[in-house]
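Heads up: the structure comes next, in structure tokens.
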Amino acid sequence: MPIPDFSHRSFSYYPTKAIVVAKCIGGVWTEPELTSDFELSLHCFSGVFHYAPECFEGAKAFMGVDGRVRFFRPEENARRMSRSAAYLDMPAPSEELFVSMCIQCIQANWEHIPPYESGASLYLRPVLFGNNPQLGINSSKDVMFVVMCSGVGTYSGAEILSTGTAVISRNYDRAATFGSGAYKIGANYAQSLHAYNLAHGQGYRELLFLDTATHTHIEEFGSSNFFAIKGDTYITPDSSSILPSITNASLRTVAESLGLKVEMRPIAVEELATFDEVGSCGTAVVITPLSRIDDKPTLEGKEVSRSYHFSEKCGPVSHKLFDRIIGIQRGLEEDTWNWCHIIEKP
Ligand code: PLP
Ligand code: COI
């Protein structure tokens with residue numbers, strides 16, 4: 001395999017060397033297998049092809065300024081995958097199996113960990129899906145768990161902390177009030193694909209979903225959570241139909257440590273007009289600041305009913321939060337809360 005080029009990367013699949021695969025058959029987990037064969041062999045009646053019993057995670061490992069590799073909060077991902085799998089009524093890997101397979105994947109792909117100077121990172125994508133042959137609408141008894149990775153740059157492919165625009169999705173919902181929004185299942189993303197294509201086609205970077213019952217309150221972006229800064233307060237939505245983001249939870253901790261107040265509460269759309277800074281946060285997007293959010297009656301139409309404007313440059317508070325969290329992940333700042341696992345070179 002040629003030496004990877006880590007410059008100008010976006011959030012995409014860049015070939016790596018190996019993946020790690022384990023199966024749970026009849027309630028018993030197989031030994032994880034490290035393989036460079038990226039083609040999985042699956043029965044065409046596997047549940048995943050029919051009723052989407054699938055959940056996944058996203059986590060990152062970073063080459064630090066000191067040459068040590070830091071893996072950010074993987075046990076939180078393990079716990080969330082366990083909750084997603086429970087929602088789908090299928091087996092999940094234990095926290096120990098989850099974390100050890102991720103570490104095995106990082107070590108096996110060591111030369112694909114982007115160097116510190118590139119600003120990029122190794123994105124881990126653990127995927128769990130039902131694979132026993134079935135036809136009836138049943139949860140999967142048997143599952144395959146695959147951990148793969150890719151050395152990624154910024155989510156948009158643009159400069160770190162460059163601003164983008166978002167549009168509110170009023171005629172496409174993401175997750176129902178009593179639906180699956182709080183779980184990281186592929187089906188949630190399938191629902192957003194068409195709406196995303198419409199938004200991207202008009203040059204928007206992000207799509208902001210509202211609560212499905214009343215369409216009056218902000219939920220989250222299709223790829224990440226929403227946060228806003230108002231004076232000395234970090235504000236983020238409280239809703240049972242959005243994904244509990246590990247980045248957002250970490251940012252709330254960081255915000256408090258920086259002396260900010262933290263509010264987790266319902267946020268009415270019109271409140272956008274009162275915020276100093278708004279952004280998206282998540283593993284893939286880290287913090288991505290927004291310069292404008294358009295409210296449109298439909299994603300297909302040209303009409304914009306209202307635009308909310310913010311600075312063209314990343315705001316100072318978002319910048320401070322970004323510096324602190326990235327500083328911890330890249331070994332520039334003390335890991336006050338013991339969030340990072342140091343991964344040994346194999
Ligand atoms: N919300 C959605 C819909 C996401 O896909 C993600 C990404 O994982 C997040 C929020 C952010 O979660 P985390 O910070 O755990 O990556
Ligand atoms: C992540 O941030 O890890 C995600 O999974 C978001 C991705 C769906 C864009």
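The values are calculated or read from the model by the stated rules, or taken from the named source; none is laboratory data. As the structure is a computational prediction, the values presented were derived from the model and not from experiment. Positions of Cβ are generated from backbone atoms using ideal geometry, with glycine treated the same way; all protein chains shown enter the neighbour counts. SASA here: full protein model, heavy atoms, side chains in, ligands and nucleic acids out. Shrake-Rupley method; radii C 1.70, N 1.55, O 1.52, S 1.80 Å.
Of the listed requirements (1) open to solvent by 60 Å² or more (accessible area, probe 1.4 Å); (2) under 20 Å from Asn109 (Cα atoms); (3) of a type in the set (D, E, K, R); (4) assigned by TED's automatic domain parsing to the domain that holds Ile113, Asp5 misses just one: (4). Within segment 58-78, being farther than 16 Å from Val146 by Cα, surrounded by fewer than 20 Cβ atoms within 10 Å (Cβ to Cβ) and under 17 Å from the mean Cα position of the chain (by Cα) holds for Glu75, Glu76. Of everything in segment 161-217 that is open to solvent by 50 Å² or more (accessible area, probe 1.4 Å) and among the hydrophobic types (A, V, I, L, M, F, W, C), the residue that is farthest from the chain's Cα centre (by Cα) is Ala213. Of the residues making up segment 249-282, those that are in contact with a Ser or Thr (Cβ under 6 Å, 6 or more places away or on another chain) and within 30 Å of Phe71 (Cβ to Cβ) are Met264, Glu277, Gly279, Ser280, Cys281, Gly282.
Restrict the check to segment 224-243 and report whether at least one residue is in a loop (DSSP other than H, G, I, E, B), free of Cβ contacts under 8 Å to residues at least 24 places away in the same chain and assigned by TED's automatic domain parsing to the domain that holds Asp294. Looking for residues that are in a loop (DSSP other than H, G, I, E, B), free of Cβ contacts under 8 Å to residues at least 24 places away in the same chain and assigned by TED's automatic domain parsing to the domain that holds Asp294, one finds none in segment 224-243, hence no.
For Ile293, the requirement of being more than 26 Å from Glu57 (Cα to Cα), under 21 Å from the mean Cα position of the chain (by Cα) and not basic (Lys, Arg) is met. Annotation: of all residues in segment 21-57 being part of a strand (DSSP E or B) and in contact with a helix residue (DSSP H, G or I) (Cβ under 8 Å, 6 or more places away or on another chain), the one that is nearest to Phe145 (Cα to Cα) is Ala22. If the condition is being open to solvent by 10 Å² or more (accessible area, probe 1.4 Å) and within 15 Å of ligand 1 (Cβ to nearest atom), then segment 107-131 contributes Tyr123, Arg125, Val127.
The residue of segment 240-270 that is farthest from Gly179 (Cα to Cα), among those that are away from ligand 2 (no atom under 16 Å from the Cβ), open to solvent by less than 40 Å² (accessible area, probe 1.4 Å) and not polar (S, T, N, Q), is Leu260. Among the residues making up segment 59-103, those that are assigned to a strand (DSSP E or B) and of a type in the set (Lys, Arg) are Lys60, Arg70. Per the listing Gly119, Gly58, Gly67, the residue uniquely within 28 Å of Arg324 (Cβ to Cβ) and at pLDDT below 95 is Gly119. Just one of the numbered conditions (1) at pLDDT 95 or above; (2) touching a strand residue (DSSP E or B) at 6+ places or on another chain (Cβ under 6 Å); (3) surrounded by fewer than 23 Cβ atoms within 10 Å (Cβ to Cβ) is not true of Phe145: (3). Of everything listed in (1) open to solvent by less than 60 Å² (accessible area, probe 1.4 Å); (2) assigned to a loop (DSSP other than H, G, I, E, B); (3) free of Cβ contacts under 8 Å to residues at least 12 places away in the same chain, the single unmet condition for Gly327 is (2).
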